[in-house]
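Below is one structure, written out as structure tokens; comments come after it.
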Amino acid sequence: MVFGQSYEDRWIIPASWYSVWQISSNIGLMLGAVLCGWLQDRIGRRWSLFASSMVVSVAAGMCYVSDLPAGIEAKRGVFFLAKTVQGFGVGGVMVTAQTWLVGHRGTVACIWFGANIF
């Protein structure tokens, strides 16, 4: 196992790292949504969506190579960073796409669209 460790003849992932990984995407998502809300007002929605999509792509690559560092703590740290960066990009994509939809289709279309998804 890449991120686990042996404990009483079983492979486990420590609860501290597991809980940090679970919250890291949400923290990145909140920060990305706030920053991209500001960024799309400065550079435009198209470029903000493009930049956020590129961040998600880079973060996926970071997740893919997170098993390459030598030490187990370094592997876990890189995976934590990758998940946080990925959450940041997803937050940017979400806020930009929602703002773009409201700007082009109006709030009635957004309400109808949101009501039919959920």
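The values are calculated or read from the model by the stated rules, or taken from the named source; none is laboratory data. Because the structure is a prediction, the values reported are computed rather than measured. Virtual Cβ from ideal backbone geometry, glycine too; neighbours counted across all protein chains shown.
Residue pairs whose Cβ atoms lie under 7 Å apart, sitting 6 or more positions apart in sequence or on different chains, and linking a residue in the stretch 15-33 that is closer than 11 Å to residue 76 by Cα to a partner that is assigned to a helix (DSSP H, G or I), are 17/76; 20/80; 21/79; 21/80; 21/83. Is there a residue in the stretch 83-91 that is loosely packed, with under 14 Cβ neighbours inside 10 Å and in a helix (DSSP H, G or I)? No, because not a single residue in the stretch 83-91 is loosely packed, with under 14 Cβ neighbours inside 10 Å and in a helix (DSSP H, G or I).
For the stretch 58-117, filtered to residues that are modelled with pLDDT of 90 or more and of a type in the set (Phe, Trp, Tyr), the residue that is nearest to residue 3 (Cα to Cα) is 79.
Residue by residue, here is whether (1) within 30 Å of residue 95 (Cα to Cα); (2) in contact with a helix residue (DSSP H, G or I) (Cβ under 6 Å, 6 or more places away or on another chain); (3) among the aromatic types (Phe, Trp, Tyr) holds:
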position: 4; (1), (2), (3): no, no, no
position: 10; (1), (2), (3): no, no, no
position: 17; (1), (2), (3): yes, yes, yes
position: 28; (1), (2), (3): yes, yes, no
position: 36; (1), (2), (3): yes, yes, no
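Taking only pairs six or more apart or across chains, which ones have beta-carbon atoms under 6 Å, a first residue in the stretch 55-72 that is assigned to a helix (DSSP H, G or I) and aliphatic (A, V, I, L, M), and a second residue that is loosely packed, with under 14 Cβ neighbours inside 10 Å and modelled with pLDDT of 90 or more? Short answer, once both residue conditions are applied: none. Of the residues making up the stretch 28-45, those that are in a helix (DSSP H, G or I) and either polar (S, T, N, Q) or surrounded by fewer than 18 Cβ atoms within 10 Å (Cβ to Cβ) (or both) are 30, 31, 34, 35, 37, 38, 40, 41, 42, 43. Per the listing 25, 57, 48, the residue uniquely farther than 15 Å from residue 80 by Cα and surrounded by 13 or more Cβ atoms within 10 Å (Cβ to Cβ) is 48.
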